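Down below is the structure, laid out as structure tokens.
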Amino acid sequence: MTSEPFRITQAVFTELPVRGGSHWYFLELSNADGVTGLAEFSYGVNSIAVARAIAQMVEELRDEEITDETKIPDMVGLSPAFLQSDRVLATAITAIRNAILDAQAQIAEVPLYRLLGGSVIESVELYGNINRSMLKSDSGDSNRSPASFAAVAERAAEEGFGNIKCAPFDECKAPFDGSGLPDEAKAGLDRIAAVKEAIGDKVNLFVDCHSRFDLESALALEPELAARGVAWYEEPVSYRTHRDDLAAINAAATMDVAGAEDAYGVNVFQSLIAANVTDVVMPDVKYCGGAGEAVLIGNALEAISPGSVSMHSPAGPVSMLASAHATAAFNGSRPLEHAVWEVDWRATVLEPAEHIHDGQLFIPDGYGIGATLNEELMSSNGRRWSAT
Ligand SMILES: [Mg+2]
């Protein structure tokens with residue numbers, strides 16, 4: 001898609017401590033007219049490497065008039081296949097693409113989802129991921145008991161989330177001793193039973209397995225999940241390293257099998273759905289190529305397999321807002337992920353503040369993604385540096 005040309009004159013990075021040693025990272029790209037596009041590139045311990053890669057790419061792009069952000073990988077000499085194999089560079093390219101899109105929508109004076117082809121929408125449905133609310137906090141608290149899972153899930157259901165996700169299998173990591181269902185899975189199944197009892201049948205439960213299983217244990221686990229009313233079986237094995245196994249699990253499973261949260265580029269997602277490796281793919285706006293690529297993915301796949309695209313969004317408010325614009329633009333029928341209650345000041349990262357109510361994210365009025373970083377919070381709690 002061609003937009004008003006954007007030439008980068010400044011790149012500013014912000015690191016914001018969140019909790020328990022994790023951080024959110026933001027990129028702001030500006031032009032000579034002072035238009036600034038915002039993106040998030042949080043990628044755990046690799047985030048600083050991503051920032052370095054962004055700085056290098058910005059140097060290469062500095063003299064270029066960017067009209068079509070989908071051409072940026074070409075402009076710096078990186079193919080989609082290479083980017084699928086190098087997650088740091090994929091995350092860096094994705095951040096630049098997202099920041100440029102935000103800026104271009106501002107210049108065009110439209111909300112981002114309109115620039116990306118969507119029709120007018122007020123809010124996007126979320127699902128509540130409860131994992132991060134139960135991670136170790138700065139004070140060292142971490143309660144992973146079934147009762148703790150159930151209490152957080154119940155709160156999410158009460159606050160209007162119709163779909164809730166958890167990752168309960170802390171004790172599991174293939175290979176396992178013996179055959180069939182591993183003993184280590186019992187604690188996770190107890191957590192699932194407690195959650196399901198707390199939220200009832202009207203709320204769907206998604207279970208993320210973080211690739212902790214292998215083919216045999218995943219096949220043995222699936223009927224146990226089905227018996228407990230689980231609606232979604234996420235990455236029992238990795239699509240990257242165990243693609244055929246994941247396809248076999250999907251063929252045997254009665255529930256939706258989901259995955260590919262770290263993939264780059266529309267071709268990878270298309271091939272997973274075409275080959276029935278998963279029922280649902282999960283493009284992450286920080287890794288997949290950005291909001292523009294997510295819309296290519298959504299438009300291509302929702303047309304042939306409705307409900308096959310659900311955006312992965314377990315990080316900060318900037319990436320969730322960009323994901324909401326993308327979901328709105330491809331008219332996604334699946335809810336978007338939201339990591340609930342990670343920190344109580346989360347909404348204030350953005351101006352205007354992030355607005356979530358009754359399981360919906362409200363898209364702010366305004367152009368681009370419709371929000372900027374809260375300068376006061378970034379100055380007091382963040383660390384900022386520029387690329388030059
Ligand atoms: Mg996951």
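The values are calculated or read from the model by the stated rules, or taken from the named source; none is laboratory data. Fair warning: this is a prediction, and the values are worked out from it, not measured in the lab. Glycine gets a Cβ as well: all are built from the backbone with ideal geometry, and neighbour counts include every protein chain shown.
Once the stretch 308-346 is narrowed to residues that are away from the ligand (no atom under 16 Å from the Cβ) and farther than 22 Å from ALA105 by Cβ, the residue that is surrounded by the most Cβ atoms within 10 Å (Cβ to Cβ) is SER308. Looking at the stretch 92-108, is at least one residue at pLDDT 95 or above, under 30 Å from GLU28 (Cβ atoms) and either charged (D, E, K, R) or within 16 Å of the ligand (Cβ to nearest atom) (or both)? There is at least one residue in the stretch 92-108 that is at pLDDT 95 or above, under 30 Å from GLU28 (Cβ atoms) and either charged (D, E, K, R) or within 16 Å of the ligand (Cβ to nearest atom) (or both).
Looking across the stretch 212-235 at every residue that is in contact with a helix residue (DSSP H, G or I) (Cβ under 9 Å, 6 or more places away or on another chain) and among the acidic types (Asp, Glu), the one that is nearest to the ligand (Cβ to nearest atom) is identified as GLU235.
Taking the stretch 307-320 as the range and being assigned to a helix (DSSP H, G or I) and over 10 Å from the mean Cα position of the chain (by Cα) as the test, the residues that pass are PRO317, VAL318. Pairs linking a residue in the stretch 7-20 that is within 25 Å of ILE66 (Cβ to Cβ) to a residue that is aromatic (Phe, Trp, Tyr) and crowded, with 16+ Cβ neighbours inside 10 Å, with Cβ atoms under 8 Å and 6 or more positions apart or on different chains, are PHE13/TYR25; PHE13/PHE26; THR14/TYR25; THR14/PHE26.
Based on this model, can you work out whether LYS173 counts as at pLDDT 95 or above, of a type in the set (D, E, K, R), within 16 Å of the ligand (Cβ to nearest atom) and outside any loop (DSSP other than H, G, I, E, B)? Against the criterion (at pLDDT 95 or above, of a type in the set (D, E, K, R), within 16 Å of the ligand (Cβ to nearest atom) and outside any loop (DSSP other than H, G, I, E, B)), LYS173 does not qualify.
When we screen ASN276, ASN250 for residues that are more than 13 Å from the ligand (Cβ to nearest atom) and surrounded by fewer than 21 Cβ atoms within 10 Å (Cβ to Cβ), the only hit is ASN276.
Among the residues of the stretch 321-346, those identified as among the aliphatic types (A, V, I, L, M) and either more than 17 Å from the chain's Cα centre (by Cα) or part of a loop (DSSP other than H, G, I, E, B) (or both) are VAL340, VAL343. Six or more apart or on different chains, Cβ atoms under 8 Å: show the pairs whose first residue is in the stretch 195-213 and farther than 30 Å from ASP244 by Cβ and modelled with pLDDT of 95 or more and whose second is within 16 Å of the ligand (Cβ to nearest atom) and not in a loop (DSSP other than H, G, I, E, B). Going by the 8 Å Cβ cut-off, the qualifying pairs are VAL195/ILE164; VAL195/CYS166; VAL195/LEU205; LYS196/LEU205; ILE199/ILE164; ILE199/LEU205; VAL203/ASN163; VAL203/ILE164. For the residues THR36, THR70, the requirement of being touching an Asp or Glu at 6+ places or on another chain (Cβ under 6 Å), outside the structural domain of VAL295 (by TED's automatic domain parsing) and at pLDDT 95 or above singles out THR36.
For ALA294, state whether it is over 22 Å from SER238 (Cβ atoms) and in contact with a helix residue (DSSP H, G or I) (Cβ under 6 Å, 6 or more places away or on another chain). So ALA294 fails the test.
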